[in-house]
Amino acid sequence: MRNSLILLCVLALSGCVNLPEMKQLNADLPTTWPATDTAQAAEQIAADWWKVYQDPVLDALMTEALQYNRDLRLAAARIEEARGNLGLRDADRYPEAHLDGNVGRSRVTGKGNMPPGSTLVNNNFKLNLQAAWEVDLWGRYRAASAAARADLLASEYARQGIRISLSDAVAQSYFNLAALDAKLELAQSTLTNRRAAVDLQRRRQQAGASSELVLRQAEAELSGVEVSLAQLIQQVRQQELALAVLLGREPRSIMANEVARGVGLFQLALPPAVPAGLPADLLKRRPDLRQAEQQLLASQARIRETGAAIYPDLSLTANLGSESQALSDLFSGPASIWGLAAGLTQTLFNAGRTEAALQAAGARQDQALLAYEQAVRVAFKETLDALVAHRQASEIGAAETARVKALQRASELAELRFQHGLSNYLEALDARRNLFQAEQGGIEARRAQLAATADLIKAMGGGWQD
């Protein structure tokens, strides 16, 4: 009866501590995403989404980046650390055994308290197997394992998020480089035409068929294109360096090798439109949301782990071995030793440490829940922004294409009018300048279309696939 009363008192003391309430996830999302096109699109975008652009060089660069990029390798190392921590937490749930062996030799003085006839020099041989197990009555170690497992999954989702961000960054850098190459080619072609125009106006001016003003205007236009060309050459090199860093290349390799080129900006295929009626729940597959979810689960598991500390700890220990003064007697029957023990430990007073630990664990759960809710809002905004940008980029691309065609015809007409004396050279020069700017705008619009598709795929967690 006395033991029962003591146990009841212990449990009553434990019941005075309240565990924080476990919070539930609630991502209030719409039913479907708006389509970027009125037609149904049956194509699915898979994890290797960059293959939709149909450029083998881009595929090779992605493979290189995913293998050598330092941020991704650092994330993989964090996964291994989390896996090791999970192994440690799982090991706490099982018994632990040790084998101890000792050999000793000692001498005592005969002038002391030793009885007459005692041996002054003694040997001691001991071999002992010890086992200990703390019984997980209240789920403390199970909760610790659950928390470590959630940490492992969170680190894996973090790696997936870095992988998606890295692949998007490589694609965007590759698109920028392709656009700069196209602008560079356009500038070089325009430069050739401007030089021919300057030579023509110089001959006309020398023959008295044209004024010096027309010649100087042609020379100024040539210088402007030369400035643009020099700036583009600098930008191309800077973009190559940025892409090489994303690929994880060593400094020596960056200096020695140029980044390979693929099919060209206007030959890169555009991915399919977003299918109509695509479920908004696809957003929950984003790695950052899954990471935040696992971090919340880890915080809740640690609440259970901390809460288990208010209950008694039950530990079992045992040992089995042999001890003798002579090595030959070590494994004889009379030399055997053994022991069994059980211990029950209950904290009665620790100045509120347990309550403070639970309060901190509950606050960490609140932080994890708020972080998840914020991640949902950010993901929702990013996806809506990407959908709008994707739709507008398509419309701008079509408008820029029509603008280039119109200005090409306008430039031809202005040149004909000038050649037949129906207009001055300034009109033809303005038409050429407008065409050059429009062609640059068309290149930028194509790059923006490709960039918008990559951003949309990233916002949806790496594409849309059954």
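Name every residue in the stretch 403-436 that is among the charged types (D, E, K, R) and either touching a residue at least 40 places away in the same chain (Cβ under 8 Å) or not in a helix (DSSP H, G or I) (or both), in order of residue number. I'd like the intermediate steps shown before the answer.
Start the filter on the stretch 403-436 by keeping residues that are among the charged types (D, E, K, R), which leaves 403, 405, 409, 412, 415, 417, 427, 430, 432-433.
Residues satisfying the conditions are ARG432, ARG433.
Kindly indicate whether ASP181 is at pLDDT 90 or above, acidic (Asp, Glu) and surrounded by 20 or more Cβ atoms within 10 Å (Cβ to Cβ).
For ASP181, the condition - at pLDDT 90 or above, acidic (Asp, Glu) and surrounded by 20 or more Cβ atoms within 10 Å (Cβ to Cβ) - is not met.
Do you know which residues across the stretch 221-248 are under 30 Å from the mean Cα position of the chain (by Cα) and part of a helix (DSSP H, G or I)?
Filtering the stretch 221-248 for residues under 30 Å from the mean Cα position of the chain (by Cα) gives 235-248.
Correct list: GLN235, VAL236, ARG237, GLN238, GLN239, GLU240, LEU241, ALA242, LEU243, ALA244, VAL245, LEU246.
Only one of (1) in contact with an Asp or Glu (Cβ under 8 Å, 6 or more places away or on another chain); (2) closer than 30 Å to PRO56 by Cβ is not met by SER167, so which one is it?
(1)
Looking at (1) over 19 Å from the mean Cα position of the chain (by Cα); (2) modelled with pLDDT of 90 or more, find the lone condition where PRO251 falls short.
For PRO251, the exception is condition (2).
When residues of the stretch 121-161 are filtered for being assigned to a helix (DSSP H, G or I) and over 24 Å from the mean Cα position of the chain (by Cα), how many remain?
Of the residues in that region, 6 qualify.
Return yes or no: is GLU439 closer than 25 Å to ALA218 by Cα, assigned to a helix (DSSP H, G or I) and of a type in the set (Asp, Glu)?
Criteria met by GLU439.
Considering each residue of the stretch 162-214, count those that are of a type in the set (S, T, N, Q), in a helix (DSSP H, G or I) and either farther than 28 Å from LEU456 by Cβ or free of Cβ contacts under 8 Å to residues at least 60 places away in the same chain (or both), and give that number.
Initially, the stretch 162-214 is screened for residues of a type in the set (S, T, N, Q), giving 165, 167, 172-173, 176, 188-190, 192-193, 201, 205-206, 210-211.
Imposing the further condition that a residue be in a helix (DSSP H, G or I) reduces the set to 165, 167, 172-173, 176, 188-190, 192-193, 201, 205-206.
This time we only want the ones that are either farther than 28 Å from LEU456 by Cβ or free of Cβ contacts under 8 Å to residues at least 60 places away in the same chain (or both), so: 188-190, 192-193, 201, 205-206.
The qualifying residues number 8.
Return yes when ALA398 is loosely packed, with under 14 Cβ neighbours inside 10 Å, within 30 Å of ALA280 (Cβ to Cβ) and either aliphatic (A, V, I, L, M) or touching a His at 6+ places or on another chain (Cβ under 8 Å) (or both) and no when it is not.
yes
Determine the pairs where a residue that is under 14 Å from LEU99 (Cα atoms), located within the stretch 313-335, has a partner that is at pLDDT 70 or above and among the hydroxyl-bearing types (Ser, Thr, Tyr) with Cβ atoms under 6 Å apart, the partner being 6 or more residues away or on another chain.
Partner pairs satisfying both residue conditions: SER322/SER336.
The values are calculated or read from the model by the stated rules, or taken from the named source; none is laboratory data. Just so you know, these numbers come straight off a predicted model, no measurement behind them. For neighbour counting, all protein chains shown are included, and Cβ atoms are generated from backbone atoms with ideal geometry for every residue, glycine included.
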